[in-house]
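Let me begin by presenting the structure, written as structure tokens, before commenting on it.
The values are calculated or read from the model by the stated rules, or taken from the named source; none is laboratory data. Quick caveat, the model's predicted, so the values are computed rather than measured. Don't worry about glycine lacking a Cβ; one is built from the backbone with ideal geometry, like all the others, and counts go over all protein chains shown.
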Amino acid sequence: MADYDAIVFDNDGVLVEPPSDATLRAAAEEAFRAVGVESPDDQHIADVERGVTPERLRAVCETYGVDPDEFWTARDRRAVAGQRDEFRDGRRARYDDVAAVEELPHDFGLVSSNQHETIEFILDHCEFADWFGTHYGRKIGIESIDVKKPNPHFLDRAMADLGAETGLYVGDSESDVVAAHRAGLDSVFVRRDHCANVELSVEPDYEVEDLWGVAEIAGN
């Protein structure tokens, strides 16, 4: 096993349960209403629920003649509020196996494509804010889409913050694997239930079922 200076984690689907489709769909629907679109096409709602690209977002907004930044800001604000409600209502929680990595001696970072406001709430709510030497999520607004994963922007910043040269990035999506490799990090793909059938077109350095597997890779 390699000796790593740091371990950087994705958040949703790795440390905590991912946001529900219902919550993100509601955020998209409410955002359309906020900009005066009462009956958007179902496919356009699905397009902006999660994983939207800047190009697709602009195309959807052009269809309705709405400002992309105004729309996406409305969507992000509602997604933040909806995700907070999920945790407060007990519909979403941290994974039990987070305990597997709690005592690892490595410096920890967190890099997510979720909103930074949401990440800060989750770290506080789930009581592991003190574990991480640095953490990043997206700013509210359209400009942040350009730097979300697989762009390694925030991974590069996290490694610089930690003063680390070698590291693992632990994620649950293809974009996590790609971002890790672009940042010069080894990648760990956590194949939890929600991504059990995902077929990757890139090869992660490691694949595990849970965070106990990450602890084993790290040499615990």
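At a glance:
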read-out: Some residue of region 93-107 being over 20 Å from ILE145 (Cα atoms) and touching a Gly at 6+ places or on another chain (Cβ under 7 Å); value: yes
read-out: Verdict on VAL37 being of a type in the set (A, V, I, L, M, F, W, C), over 24 Å from ASP85 (Cα atoms) and not assigned by TED's automatic domain parsing to the domain that holds ARG138; value: yes
read-out: Helices (runs of 4 or more DSSP H) completely within region 98-207 that count 2 or more residues being surrounded by fewer than 15 Cβ atoms within 10 Å (Cβ to Cβ); value: 116-125
read-out: Total residues in region 59-83, condition surrounded by fewer than 17 Cβ atoms within 10 Å (Cβ to Cβ) and among the charged types (D, E, K, R); value: 4
read-out: Residue match in region 125-141 (condition: β-branched (Val, Ile, Thr), farther than 27 Å from GLU86 by Cα, at pLDDT 95 or above and more than 14 Å from the chain's Cα centre (by Cα)); value: no
